[in-house]
1. Please report, in Å, the Rg and the Dmax of region 5-135, where both are computed over Cα atoms only.
2. Treating cross-link reach as a plain straight distance, find the lysines whose alpha-carbon is under 26 Å from the alpha-carbon of Lys308, omitting any fewer than eight places away in the same chain.
3. Lysines within cross-link reach of Lys446: Cα-Cα under 23 Å, excluding same-chain residues under 8 positions apart?
4. Under a point spin-label approximation (7 Å from Cα along Cα-to-Cβ), what is the Arg129-Glu517 distance to one decimal in nm?
5. Ignoring solvent entirely, what values of log10 I(q)/I(0) come out of the Debye formula for region 280-393 at 0.12, 0.23 Å⁻¹ when each Cα is a single scatterer?
6. So what's region 535-589 giving for Cα Rg divided by 2.2 N^0.38 Å, two decimals?
7. Using 0.36 nm per residue of separation minus the Cα-Cα distance, give me the extension gain between Ala153 and Glu196 in nm, one decimal.
8. Can you return the lysines within cross-link range of Lys505? Criterion is Cα-Cα under 16 Å, with same-chain partners fewer than 8 residues away left out.
Amino acid sequence: MSSGTDRYAELELGLHRLEAEGYQAELRFTDPASEAEVPAEKGRAALHPGELLTLQLDPRAYGEALAAQVFADERVRGLYGRAKAAVEAGGRFLRLRVLVGPTAPDLHGLRWELLRDPETGAPLATSERVLFSRFLVSQDWRPVKLHRQEDLAALIAVAAPSGLDRFDLAEVDRDGEIARAQKGLGGIRSTVLGREEPLTLERLVARLRERGAATDILYLVCHGSLGKVPWLFLQDDEGRVARVEGAALADRLRELPEPPRLVVLASCESAGTADGSTQAALAPRLAEAGVTAVLAMQGQISMETVEKAVPVFFSELVKDGRIDRALAVARGTVRDRSDAWMPALSLRLKSGRLWYEPGFAGEEDPFKKWRSIAASVRQGRSVPILGPDIGEHLYGTARERAARLAEAHGFPLEPHDRSDLAKVAQYLSVVESLQYARDAVADQLKAEIRRRRPLLPDSGEDDPYRILAGLPVSVYVTANADPVLARSLGAAGRSPKQLHRRWRKSRDSHPAEPPYEGVPTVACPVVYHPFGVFDSGEEGTLVLTEDDHLDFLISAAENKLIPAVVRGTLVRSSLLFLGFSLDDLAFRVLFRLILSLDGSSQLGDLAHVGVQVDPEAHSLIDVDRARNYLAQSLGAGRDAPRIDLFWGTAADFLKELRDQLATGADAAAQVEEAEDEWVTIG
């Protein structure tokens with residue numbers, strides 16, 4: 001799977017207030033092609049919004065003055081020049097983000113899209129070699145859920161209320177706006193809200209909340225205005241104008257399980273007024289609510305510019321999913337228009353990517369990779385090892401579950417720790433008790449399963465557990481304590497045997513081999529739970545808290561915790577790690593445990609050990625670094641297994657594996673038939 005993502009170096013321009021009348025510029029340069037760490041440069045920014053205000057009628061002069069003020073410090077200007085030279089020398093491009101810090105909200109109102117190169121004077125925002133955006137910081141720690149390109153969905157919401165004349169606003173051409181939005185979205189699947197019934201805030205939020213109708217793009221067409229606070233002109237139930245404060249929309253989006261990834265605000269003053277009063281702008285509020293990208297029109301943008309630029313934006317977006325690149329192309333098509341600067345993009349996504357396409361990143365021949373994996377599975381020489389996110393569709397990701405537990409129990413540590421389930425469970429075990437922490441985690445899983453999927457076995461042909469249950473596998477390993485895998489195997493007509501062991505050493509008990517007789521088969525597979533089960537009376541087998549993980553490692557050093565019936569299969573099989581993130585503690589512990597087994601050197605003979613890389617947490621930029629990190633941290637050398645990285649979700653991997661197995665079934669049957677004939681001849 002190839003990508004041009006690694007062709008973009010990153011330059012972040014941070015702006016902060018130093019004192020009542022002064023600002024600081026901080027420039028950070030990151031080059032994915034280099035392992036060297038480039039120190040940031042800080043210097044005084046000679047920003048004078050009042051002076052810039054006088055230049056509003058001259059875009060070129062405004063952009064040149066803005067550049068001179070931002071890059072007034074020679075150290076900051078010098079780093080910019082060196083970064084640009086390094087990027088150009090390598091034939092690569094630059095991703096430039098302007099980050100307005102919380103101490104300088106008044107700077108949101110500047111026309112950053114007019115910024116020019118301080119050396120050449122060339123405009124930056126209309127160049128495809130420089131991807132320009134405003135970078136927004138949010139305290140919303142929910143993971144960003146990217147969808148596959150084929151699943152991309154948009155909601156066109158148009159408010160055409162009566163009574164706009166009371167606010168000196170023109171009528172909204174509802175049908176025309178819908179037609180223009182559909183044309184602009186091109187081939188992206190879309191639905192319309194506001195054509196058959198009035199677009200109220202409640203109807204908008206209800207549609208976004210609908211189960212199974214996740215919205216990637218919200219295209220909102222309505223009038224907007226800014227005073228001390230931003231306002232949107234929606235409708236009431238009778239179709240009359242209803243002024244809705246922008247903060248109310250942001251608050252309602254924050255409450256959604258999954259807010260839209262991209263919000264396009266086609267209201268005429270949705271990103272800020274032309275005079276720079278953007279402390280009340282809506283884009284930062286939406287970012288704070290969890291929206292990862294906002295494209296808003298600042299000032300009174302002309303319909304001609306919108307009609308020309310927006311279709312180009314969406315047609316480019318479907319090519320590779322990079323929002324900032326698509327807008328750079330769209331801006332370039334209207335560069336000669338006086339309002340070309342008005343589309344303003346605010347991003348929380350460092351990769352700038354809206355969707356992803358799953359596959360083996362960095363592989364020149366992914367089909368060869370799949371042939372090898374499918375052959376191992378078909379021949380019964382693979383072991384799926386399931387992580388905490390394999391059941392995301394049933395009970396959310398581990399990060400989401402941790403965040404919900406943290407919020408419910410007043411977790412007091414840093415916000416980024418709230419997504420660490422081991423840390424949150426550790427907190428609960430300290431302030432309440434260890435048993436309370438175990439019960440809280442188990443009860444949350446059960447509640448989510450009841451809410452999301454009442455009938456587990458009948459969950460669709462693409463359900464990861466259903467696909468797993470259909471694989472010709474005799475041994476499964478799961479880091480999850482729930483019985484969903486075993487029940488899915490039973491629903492598929494198989495008779496699984498669940499194994500776990502009491503690994504804690506105490507005065508009355510020692511880790512012992514779990515009882516098992518016979519040999520695991522496809523019909524009667526073994527399901528091994530190394531981190532315990534939720535069964536009544538077996539709570540002591542669970543590995544949940546940080547202390548549990550440490551104690552488990554100590555016990556693993558003294559005892560052979562993996563049962564003998566599982567050990568032999570593991571060291572002779574291709575290992576398919578599914579539902580883990582790269583920095584998952586459970587993954588690291590399990591992999592180390594497997595490498596410590598007698599005979600693990602045989603794993604070096606197997607070409608393919610798959611590890612899922614979650615597209616929400618990593619971009620393709622990370623792939624080579626991730627592979628090096630895994631090699632260094634998990635062991636390297638002649639006998640060390642090669643870890644191939646799959647960029648996508650566990651569900652993506654399993655669906656593709658199922659299709660590969662089906663595609664190769666006829667060929668496999670022919671090979672088997674030929675081998676029988678060869679044996680007969682011999």
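Readers should treat all values here as calculations from the given coordinates under stated rules, not as data from a laboratory. None of the values given here were measured: they were computed from a predicted structure. Neighbour counts are summed over all protein chains in view; Cβ atoms, including those assigned to glycine, are modelled from backbone coordinates with ideal geometry.
1. For region 5-135, the Cα radius of gyration and maximum Cα-Cα distance read 14.3, 44 Å.
2. Within the straight-line limit of under 26 Å, Lys308 reaches these lysines: Lys183, Lys319.
3. The qualifying lysines are Lys145, Lys423, Lys497.
4. Going from the Arg129 label point to the Glu517 one covers 7.6 nm.
5. The Cα Debye sum returns log10 ratios of -0.64, -1.29.
6. Cα-based Rg divided by the globular estimate yields 1.31.
7. Result: 13.5 nm gained on full extension.
8. Lys560
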